[in-house]
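Asker: Mind having a look at this structure? Questions to follow.
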Amino acid sequence: MIDRPGFWPQLSMIGTTMNDLIERLCLRGLACRILFALAGATQLVSMCFASDTRNQLPSKPPNIILILADDQAWMDFGFMGNQRVHTPNLDILASKSARFPNGYVPSSVCRPSLATILTGLYPHQHGIHFNHGPPGNSGYNQMTSRSEYEAHRQNEFELIQRFETLPALLAKHKGYRCLQTGKFWEGHYRNAGFTDGMTTFTPPHKDQTFGGIRELASGEQVAHGNGDHGLIIGRKTMRPIKDFIQECERLNTPWFVWYAPYMPHLPHDAPDQFQKLAASHPGILPWEQPYFASIAQFDSTVGELVKIVSSASQANNTLFVFLSDNGWRPSPIPSKQNPQEYTQTKRSKRAPFDDGVRTPILIRWDGVIRPQTENGICSSIDLFPTLLGAAEIPITPDLSLQGIDLLDFLKDDKPIPPDRSIFGEIYPGDATSLRSASHDIAYRWIRKGKMKLIIPHLKSVSNESPSTSNLNQPNQLKSKAWNNYVREESLFDLSRDPFEKLNLVGSKLHASGREALKSELNDWWQPAGSP
Ligand SMILES: [Ca+2]
């Protein structure tokens, strides 16, 4: 990734035009350092930072905009060092943000990952550890009536309603209006505490070609359940967000926007202008182009979004957060349904490897957080306490949060503790039953420092529930874990082996460290109903 100087002055006081010019230059390393030296000479630095920047908090709570890429791998950003992908708007956002290149999500598929952001909880805590409740995705499709299908889905939607979600708390404590757009799996947007939204679990127009519709065996078209009509955001329009922000600003109401467009998610059907942009980068591989074009399309909407906020709102009182809900990396194997597109590598989406669970996290809050790179390990579970902290909403023990307020580290210029552990859990897309984390668990993982341990939960051919001995000694079983990503405990040194190819589990050098990680992982994972 681009290793920018640890010291990034906030230049908002010298005007937007100059600021943007400098930032464009800053993306070119040496020019950046020269400009910062000049900035120091003119004492801009002391004008822009105080030792405790949160003392500068405006009285009105900040507006919050959460930008969620859908299926984009951690490395596929210009600001993360990939110069073959076209992400100028995300790169500018990164240049104005606190950047966490070692961020994670606990699960490598959409629904549990998004539910973690909404609740601040790990999947075994919130219980939404699957994409599809029983009888599963194909089971849904075999249903013969809309009422039968919707009744099953309503059972799933009750899970999120047990929690005080992020939007619910923002609304309750500080009077935020909270808009849901794009990807959302929990039925009607109100189920998750949003005050406004696009997704209502009703089928979108039949011409919507990029998801949101499911056809039952009866021939009825129903809402797919992953965002339905809301999936038009970004791909077709940004108007709902623009109108919402303008209205909130007119009413002087703090606002929260959930911007989770269905991009760069399949179908990789970006318009020609983005295909050409993707193809214009040297060295691009044929199977990368459709995906990179969708990334370029997504990036353009981020630019549009920032413009909307800048023109309608107070730029210095808006907090931008960016992350990807899970990774995705293209393989050379064409898609069966759409041969002009390509399938993902086995080691990315759904997998416990970093290509599935790692994401950069960006937090921009002009005038409050100085742009900087924080290499400590963090997770999407940290966003819930971080955003509550930004809105000055107290965090109570009943929320059971395991995340940390990242602003606490940014404001004091102290690093995230290097011995901090981040955890994750991988499940099949289809749940065997609701509240079945202990039955369905396929892999658990822990990242601490440079090391990552993945423990598979092997199942016998008869698909029996794992026993206590399975959990503690998976090596002794001869059967496979779901999708067979690893067949035994797997230990990786990510500082030397970022793509997790060399399993160090047999290394005597790492034996005690492995046991310590395993013990910590077992202590952490205590799902309701576990043996
Ligand atoms: Ca996703």
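Asker: For region 135-169, which positions are surrounded by fewer than 19 Cβ atoms within 10 Å (Cβ to Cβ) and either assigned to a loop (DSSP other than H, G, I, E, B) or among the small types (G, A, S) (or both)?
Answerer: P135, G136, S138, G139, Q142, T144, S145, S147, A151, Q161, R162, E164
Asker: Of all residues in region 333-351, how many are part of a loop (DSSP other than H, G, I, E, B) and either within 16 Å of the ligand (Cβ to nearest atom) or in contact (Cβ under 8 Å) with a residue 60 or more places away in the chain (or both)?
Answerer: Pass one, region 333-351, residues part of a loop (DSSP other than H, G, I, E, B): 335-341, 345-351.
Subset that is either within 16 Å of the ligand (Cβ to nearest atom) or in contact (Cβ under 8 Å) with a residue 60 or more places away in the chain (or both): 335, 338, 341, 345-351.
Of the residues in that region, 10 qualify.
Asker: Condition first: under 18 Å from I295 (Cβ atoms) and more than 15 Å from the ligand (Cβ to nearest atom). Now tell me which residues in region 321-331 satisfy that.
Answerer: Selection gives S331 alone.
Asker: Among the aromatic types (F, W, Y) and more than 27 Å from L383 (Cα to Cα): is that true of Y149 in this structure?
Answerer: On the way: among the aromatic types (F, W, Y): yes; more than 27 Å from L383 (Cα to Cα): yes.
It is true that Y149 is among the aromatic types (F, W, Y) and more than 27 Å from L383 (Cα to Cα).
Conditions (1) within 19 Å of the chain's Cα centre (by Cα); (2) outside any helix (DSSP H, G or I), marked per residue:
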| residue | (1), (2) |
| --- | --- |
| T200 | no, yes |
| G219 | no, yes |
| H229 | no, no |
| F244 | no, no |
| P264 | yes, yes |
| D269 | no, yes |
| A278 | no, no |
| L285 | no, yes |
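Asker: Can you find a residue in region 296-314 that is touching a residue at least 60 places away in the same chain (Cβ under 8 Å), in contact with an Asp or Glu (Cβ under 7 Å, 6 or more places away or on another chain) and within 30 Å of A442 (Cα to Cα)?
Answerer: No; the residues of region 296-314 include none that is touching a residue at least 60 places away in the same chain (Cβ under 8 Å), in contact with an Asp or Glu (Cβ under 7 Å, 6 or more places away or on another chain) and within 30 Å of A442 (Cα to Cα).
Asker: Would you check if T181 is on the phi < 0 side of the Ramachandran plot, β-branched (V, I, T) and in a loop (DSSP other than H, G, I, E, B)?
Answerer: Considered against the rule, which asks whether it is on the phi < 0 side of the Ramachandran plot, β-branched (V, I, T) and in a loop (DSSP other than H, G, I, E, B), T181 comes out as no.
Rundown of residues vs (1) among the β-branched types (V, I, T); (2) buried (at least 19 other Cβ atoms within 10 Å of the Cβ); (3) away from the ligand (no atom under 16 Å from the Cβ); (4) not assigned by TED's automatic domain parsing to the domain that holds T318, yes/no style:
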residue: D354; (1), (2), (3), (4): no, yes, no, no
residue: R358; (1), (2), (3), (4): no, yes, no, no
residue: P397; (1), (2), (3), (4): no, no, yes, no
residue: L401; (1), (2), (3), (4): no, yes, yes, no
residue: L407; (1), (2), (3), (4): no, yes, yes, no
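Asker: On to the next question. Checking the conditions here, which among L319, L305 is of a type in the set (A, V, I, L, M) and under 20 Å from G103 (Cα atoms)? Steps first, answer last, please.
Answerer: On the way: L305 fails: under 20 Å from G103 (Cα atoms).
Answer to the check: L319.
Asker: Please tell me if D325 is more than 30 Å from T195 (Cα to Cα) and either touching a residue at least 24 places away in the same chain (Cβ under 8 Å) or among the acidic types (D, E) (or both).
Answerer: no
Asker: Of all residues in region 96-144, count the ones that are out of contact with any Asp or Glu (no Cβ under 7 Å at 6 or more places or on another chain), aromatic (F, W, Y) and away from the ligand (no atom under 16 Å from the Cβ).
Answerer: Here the count works out to 1.
One line per residue, one yes/no per condition, for (1) in contact with a Cys (Cβ under 9 Å, 6 or more places away or on another chain); (2) under 19 Å from T345 (Cβ atoms); (3) acidic (D, E); (4) at pLDDT below 95:
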| position | (1), (2), (3), (4) |
| --- | --- |
| R447 | no, no, no, no |
| E464 | no, no, yes, yes |
| F492 | no, yes, no, no |
| S495 | no, no, no, no |
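Asker: Please tell me if R435 is within 16 Å of the ligand (Cβ to nearest atom), closer than 24 Å to F157 by Cβ and either in the same structural domain as V309 (by TED's automatic domain parsing) or surrounded by fewer than 19 Cβ atoms within 10 Å (Cβ to Cβ) (or both). Let's see the steps before the verdict.
Answerer: Numbers: within 16 Å of the ligand (Cβ to nearest atom): no; closer than 24 Å to F157 by Cβ: yes; either in the same structural domain as V309 (by TED's automatic domain parsing) or surrounded by fewer than 19 Cβ atoms within 10 Å (Cβ to Cβ) (or both): yes.
So R435 fails the test.
Asker: Select from region 73-120 the residues that are in contact with a Gly (Cβ under 7 Å, 6 or more places away or on another chain) and on the phi > 0 side of the Ramachandran plot and list them in ascending order.
Answerer: Once the filter is applied, which keeps residues that are in contact with a Gly (Cβ under 7 Å, 6 or more places away or on another chain) and on the phi > 0 side of the Ramachandran plot, region 73-120 yields only G120.
The values are calculated or read from the model by the stated rules, or taken from the named source; none is laboratory data. Please read all numbers here as calculations on a predicted model, not as lab measurements. Glycine also receives a Cβ, built like all others from the backbone with ideal geometry; neighbour counts cover every protein chain displayed.
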